[in-house]
Amino acid sequence: MFLIYGGGELILEGYRDASFRSDGDDAKSQSSFVFKLNGRVVAWKSSKQDTTADSTTEAEFIATSEAAKEAVWMKNYIQELGVVPSIAEPVVVFCDNNEAIAQ
């Protein structure tokens, strides 16, 4: 349940990051994301990726996919609560993909 002061439209935005092969023992990459609703953190996660990525680019894409799935779930959950008619704006997920672009 969410307590939002001020009414109006809800703005959901996310941030995600990935670290390629952050654990040298099992070659797994790390994914993390945080979601904010009207500027307040409502969800976050940091965990090893289930799939072993072969490159930084692949690790970034896996992390983006995980964050996108969470964004869809969060938006649907908020709409089903019926507190507001809907979230009209698309959910923006900010990504740090400099490593993926460099390759």
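Bear in mind these aren't lab numbers, they're just calculated from the coordinates by the rules spelled out. This is a predicted model, so every value here is computed, not measured. When we count neighbours, we look across all protein chains shown, and the Cβ atoms used for this are built from the backbone with ideal geometry, even at glycine.
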(request) With a Förster radius of 30 Å, plug the Cβ-Cβ distance of Ala88 and Asp50 into 1/(1 + (r/R0)^6) and report the FRET value to the nearest 0.05. (result) 0.35
(request) Beta carbons within 10 angstrom, averaged per residue: use that to sort the peptides 67-76, 28-37, highest first. (result) 28-37, 67-76
(request) With unit charges on the beta carbon (Lys/Arg positive, Asp/Glu negative), name the residue among Ser47, Phe35, Gly24 whose Cα is farthest towards the positive pole of the charge dipole of the range 22-61. (result) Phe35
(request) Using the Karplus curve 6.51 cos²θ - 1.76 cosθ + 1.60 with θ = phi - 60°, work out ³J(HN,Hα) for each residue of the range 31-45 in order, rounded to whole Hz, and write x for Gly and Pro. (result) 10, 8, 8, 9, 10, 10, 10, 6, x, 10, 5, 10, 7, 7, 7
(message) 7 Å from Cα along Cα→Cβ at both Asn38 and Tyr77: what's the point-to-point distance in nm?
(response) 1.8
